[in-house]
Amino acid sequence: MENFYSPYCEICTGCGEDGCCPASNCQQHPDGKYCEIYLKELKFGYLMYHKLMGMVEEDPKYKEEISEVFDELWDRIFDNNVNKKEDE
């Protein structure tokens, strides 16, 4: 099986197909198979986020909910102690 082909990245297991595997799983590793594609998707998502947030963040109808969602996601991604609180 020397010539076995797999469409999946050995680093993040992504397949590189648009809309299939989430770009957020990409490790941007030098040996990654689809890093360039996923980086473009991440850049698009980032820019889209900022454009949309600029349109709705000051709207009183959404302001409180957006703040709650932002805080929840920020803690999930950046606060390493969120899951450790149960251990204390």
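List of remarks:
- Residues satisfying the stated conditions in the stretch 5-28, i.e. assigned to a loop (DSSP other than H, G, I, E, B), among the hydrophobic types (A, V, I, L, M, F, W, C) and surrounded by 10 or more Cβ atoms within 10 Å (Cβ to Cβ): CYS9, ILE11, CYS12, CYS15, CYS21, CYS26
- Options GLU36, GLU57: the member that is surrounded by 10 or more Cβ atoms within 10 Å (Cβ to Cβ), free of Cβ contacts under 8 Å to residues at least 60 places away in the same chain and touching a Lys or Arg at 6+ places or on another chain (Cβ under 7 Å): GLU57
- The set of residues from the stretch 7-20 being free of Cβ contacts under 8 Å to residues at least 12 places away in the same chain and under 15 Å from the mean Cα position of the chain (by Cα) comprises GLY19, CYS20.
- Subset of the stretch 29-72 [over 19 Å from the mean Cα position of the chain (by Cα) and outside any helix (DSSP H, G or I)]: ASP31, GLU57, GLU58, ASP59
Where a number appears in this text, it was derived from the coordinates with a stated rule and is not lab data. These figures come from a predicted structure and were not determined experimentally. Positions of Cβ are backbone-derived with ideal geometry, glycine not excepted, and every protein chain shown enters the neighbour counts.
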